[in-house]
1. Within region 60-74, how many residues are free of Cβ contacts under 8 Å to residues at least 12 places away in the same chain and among the acidic types (D, E)?
2. Within region 51-58, can one find any residue that is in contact with a helix residue (DSSP H, G or I) (Cβ under 8 Å, 6 or more places away or on another chain), modelled with pLDDT of 95 or more, not in a helix (DSSP H, G or I) and not acidic (D, E)?
3. For region 17-38: of the residues being not in a helix (DSSP H, G or I) and not hydroxyl-bearing (S, T, Y), which is farthest from A61 (Cα to Cα)?
4. Which pairs have Cβ atoms under 7 Å, sit 6 or more apart or on different chains, and link a residue in region 75-91 that is on the phi < 0 side of the Ramachandran plot to one that is surrounded by fewer than 17 Cβ atoms within 10 Å (Cβ to Cβ)?
5. Among the residues that make up region 88-97, is at least one of them under 17 Å from S8 (Cα atoms), part of a helix (DSSP H, G or I) and within 16 Å of the chain's Cα centre (by Cα)?
6. Please specify each residue of region 39-49 satisfying the condition of being assigned to a helix (DSSP H, G or I) and over 11 Å from D6 (Cα atoms).
Amino acid sequence: MSTPQDASRFVALSQRLTGFDAAELEATGLAETYAAVAAEQLGPARYERLLGGAGPSDEVADDDVAAARAVTILWYTGGWPGPPPFVVSPRAYAEGLVWKAAGVAAPGTGAAGHGSWAAEPAPVAEVRR
């Protein structure tokens, strides 16, 4: 079971893995959910090792790199890469950092607005060769 202290440590780790600050990660409302998913999927020993991080003289095992990659994928896509892969929830998909990084809403999660279809799209810049 994940504790609030674990969630705080998980967010600190996630900042380093994703490049987003703690406020942005917590604003998704999914930090505790993701901490619980990671703890369950990685198991207690791997999860604790991941939260503890490697010291300057510690070697990083391949499975630790894979665990860090899985947590990064979780934040960016809202899904655990598996096996078996799964999406945590519709909200997790909508709050994926990939959409925030791109500056767009997740497809299928928000309407463009009434009448947006009536406006002519912005011109596409020409590519010079």
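1. Our first condition is that a residue be free of Cβ contacts under 8 Å to residues at least 12 places away in the same chain; within region 60-74, this holds for 60-62, 65-66, 73.
When the remaining residues are screened for being among the acidic types (D, E), the result is 62.
Number of matching residues: 1.
2. No, there is no match, as no residue in region 51-58 is in contact with a helix residue (DSSP H, G or I) (Cβ under 8 Å, 6 or more places away or on another chain), modelled with pLDDT of 95 or more, not in a helix (DSSP H, G or I) and not acidic (D, E).
3. Within region 17-38, the first condition is being not in a helix (DSSP H, G or I), and the residues that meet it are 19-21, 28-30.
This time we only want the ones that are not hydroxyl-bearing (S, T, Y), so: 19-21, 29-30.
Values: G19: 22, F20: 25, D21: 26, G29: 31, L30: 27 Å.
Checked region 17-38; the qualifying residue farthest from A61 (Cα to Cα) is G29.
4. The qualifying pairs are Y76/V98; T77/V98; G79/P85; G79/F86; G79/V87; W80/F86.
5. Residues of region 88-97 that are under 17 Å from S8 (Cα atoms), as a first pass: none.
No, the conditions are met nowhere in region 88-97.
6. Going residue by residue through region 39-49, those that are assigned to a helix (DSSP H, G or I) are 39-42, 44-49.
E40, Q41, L42, P44, A45, R46, R49 - these are the residues of region 39-49 that are assigned to a helix (DSSP H, G or I) and over 11 Å from D6 (Cα atoms).
The values are calculated or read from the model by the stated rules, or taken from the named source; none is laboratory data. As the structure is a computational prediction, the values presented were derived from the model and not from experiment. Ideal geometry is used to build each Cβ from the backbone, glycine not excepted, and the neighbour counts take in all protein chains shown.
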